[in-house]
Amino acid sequence: MKQFFILILTFALFACNRQADQTQQLQNRIDSLEQKLANTYKPGFGAFMSNIQTHHAKLWFAGQNENWKLADFEVHEIRETIEAIQKFQTERKESQKIEMIYPALDSIEKTIKFQNLSLFRHSYTELTNTCNSCHRATDFEFNVVKIPDNQSFSNQDFKESRTK
């Protein structure tokens, strides 16, 4: 019986030691993954804003050419970028204010559905003004957005394509 008890005790100690080893291995893997995650590239706020600026300009030229599918696409690209800002830039005060853009985006989406150039121009102006209001509210008033006056994307045709 004494030998049986020693055998059980040895087995229990071996099992506990093995469990501790496995726990340490798992902790090492977690630490390694956390380090990799901390070093993962995360776009800066300026990169997101540059992306919005590009889609803002493309939205204008799509609307001016009454390419409503492209205009709708560009609005959704702006929305996706704003969602990315809210996800990846939570520590920035600008991220807290960026929601003010949603009513202007909703408005321009509605005008795109109506396919009315006059309404589009009005809503686009509202969108542009909202961008500038947000910049002022977050102390970036020096960054003024305007309605584009020349098309800088020489590699894109903003006219609606009739071919399928």
Close pairs from the range 137-162: first closer than 30 Å to S95 by Cβ, partner assigned to a loop (DSSP other than H, G, I, E, B) and open to solvent by 70 Å² or more (accessible area, probe 1.4 Å), Cβ under 6 Å, at least 6 apart | none
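Conditions (1) open to solvent by less than 90 Å² (accessible area, probe 1.4 Å); (2) of a type outside the set (G, A, S); (3) in a helix (DSSP H, G or I), marked per residue:
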{"residue": "E94", "(1), (2), (3)": "yes, yes, yes"}
{"residue": "E99", "(1), (2), (3)": "no, yes, yes"}
{"residue": "P103", "(1), (2), (3)": "yes, yes, yes"}
{"residue": "S107", "(1), (2), (3)": "yes, no, yes"}
{"residue": "R136", "(1), (2), (3)": "no, yes, yes"}
Residue in the range 76-92 that is surrounded by the most Cβ atoms within 10 Å (Cβ to Cβ), counting only those that are touching a residue at least 40 places away in the same chain (Cβ under 8 Å) and part of a helix (DSSP H, G or I) = I85
Within the range 31-75, considering residues that are aliphatic (A, V, I, L, M) and open to solvent by 80 Å² or more (accessible area, probe 1.4 Å), the one farthest from V145 (Cα to Cα) | L33
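The values are calculated or read from the model by the stated rules, or taken from the named source; none is laboratory data. Note that the structure is predicted; figures quoted are calculated from it, not measured. Using ideal geometry, Cβ is built from the backbone for each residue, glycine included, and neighbour counts are taken over all protein chains shown. Calculation scope for accessible area: heavy atoms of the full protein, side chains included, ligands and nucleic acids excluded. Shrake-Rupley method; radii C 1.70, N 1.55, O 1.52, S 1.80 Å.
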